[in-house]
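**Q** Quick one: structure below, then a few questions.
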Amino acid sequence: MEALECMLTRRSVKKYKDTPVAKELIEKIVEAGTYAPTGRNAQAPIILAVSNRQVRDELSAINAKVLGASEGTDPFYNAPVVLVVLAEKERNTRVYDGSSVMQNLQLAAHALGLGSCWIHRAKETFELPEGKAILARLGITGEYEGIGNCVIGYLDGEYPVTRPRKENWVYYVD
């Protein structure tokens, strides 16, 4: 898929099959994330590539708690993989850097035939003791801010329809 076509056709997918995603595909998507531009090329973000169902469900439960959703709600839409992007808190470009990583992850997933969706509340998740405990269990030290959760998987149903672009989105100054 060409880059421009990929950008113009990617949509947020909110219903996934239980089908596991091959590790090779996850690795390609994550590699694309590591090539996102970062302030001063500091490469301050990190990516947690979570395909372990227990950890994925733990992250989903914390996210639902932050959301204030009822127990049993899955804010990850049943996606089998969650790519969590965090960035060093001391970096003043952390949100921008992490957002660039998130976009690369989503575009790479789409280019490889997978659905994706940016799920918020990563910041709040990793401010909670439960989120910090996950990082500690994984041996991740340092101060990180959660930027986003990129859920990926195989679409269950129809691909979302492209909505028309709003008027006055762009103002040209020639």
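**Q** For Met7 and His120 in the same chain, what is the full-extension length gain: residue separation times 0.36 nm, less their Cα-Cα distance, in nm?
**A** Values: separation 113, 0.36 × 113 = 40.68 nm, distance 2.06 nm.
So the extension gain works out to 38.6 nm.
**Q** Give the Rg (one decimal place) followed by the Dmax (whole number) of the range 82-174, computed from C-alpha coordinates and expressed in Å.
**A** Looking at the range 82-174, its Cα Rg and Dmax stand at 16.6, 54 Å.
**Q** Counting only Cα atoms, I'd like the Rg/Rh figure for the range 1-130, Kirkwood definition for Rh. The partial results should precede the final answer.
**A** Numbers: Rg = 14.7 Å, Rh = 15.4 Å.
That ratio is 0.96, to two decimals.
**Q** Contact order normalised by length for the range 21-174, with contacts defined as Cα pairs under 8 Å and 6 or more residues apart; what percent is it? Each step should come with its number before you reach the end.
**A** Details: 239 pairs, mean separation 43.5, N = 154.
It rounds to 28 percent for the range 21-174.
**Q** Over 22 Å between C-alpha atoms is what I'm after, so list which of Lys65/Lys166; Lys28/Lys123; Lys15/Lys65 land there. Could the numbers behind the result be given before it?
**A** Numbers: Lys65/Lys166 34 Å; Lys28/Lys123 25 Å; Lys15/Lys65 20 Å.
Table pairs above 22 Å Cα-Cα are Lys65/Lys166; Lys28/Lys123.
**Q** Moving on. Run the accessible area of the range 1-137 with a 1.4 Å probe and give the carbon-and-sulfur part as a rounded percent.
**A** Numbers: 3790 of 7430 Å².
C and S fraction of accessible area: 51 percent.
**Q** Select from the range 122-174 those chymotrypsin sites (Phe, Trp or Tyr not before Pro) which occupy a DSSP coil region and have at most 10 other Cβ atoms within 10 Å, ordered by residue number. Before the final figure, lay out the partial values.
**A** Values: sites: Phe126, Tyr144, Tyr154, Trp169, Tyr171, Tyr172; in loops: Phe126, Tyr154, Trp169, Tyr171, Tyr172.
For chymotrypsin sites (Phe, Trp or Tyr not before Pro) across the range 122-174 that sit outside H, G, I, E and B with at most 10 neighbouring Cβ atoms in 10 Å, the list reads Trp169, Tyr171, Tyr172.
**Q** Per residue, what accessible area does the chain have, given a 1.4 Å probe and all protein chains present, in Å²? Could you put the intermediate results ahead of the total?
**A** Details: 10470 Å² over 174 residues.
Dividing the accessible area of the chain by its residue count gives 60 Å².
**Q** Ranked from highest to lowest mean number of other Cβ atoms within 10 Å per residue, what is the order of the peptides 132-142, 62-72, 40-50, 8-18?
**A** Working: 132-142: 12.1, 62-72: 14.0, 40-50: 17.7, 8-18: 16.1.
The densest-packed peptide leads the list: 40-50, 8-18, 62-72, 132-142.
**Q** Label point 7 Å out from Tyr154 along Cα-to-Cβ: which residues of the range 106-137 have amide N under 18 Å?
**A** 109-117, by backbone N distance to the label point.
**Q** Taking the Cα centre of the range 1-110 as origin and charging only Cβ (+1 Lys, Arg; -1 Asp, Glu), how large is the dipole, in debye to the nearest 20? Can you show the working numbers first?
**A** Details: 14 positive and 13 negative charges, 37 e Å.
Around 180 debye, computed over the range 1-110.
The values are calculated or read from the model by the stated rules, or taken from the named source; none is laboratory data. Nothing here was measured: the structure is a model prediction, and the numbers come from that model. Please note: Cβ atoms are built from the backbone with ideal geometry, for glycine as well, and neighbour counts cover all protein chains shown. Ligands, DNA and RNA are excluded from the accessible area calculation, which covers all protein heavy atoms including side chains. Shrake-Rupley method; radii C 1.70, N 1.55, O 1.52, S 1.80 Å.
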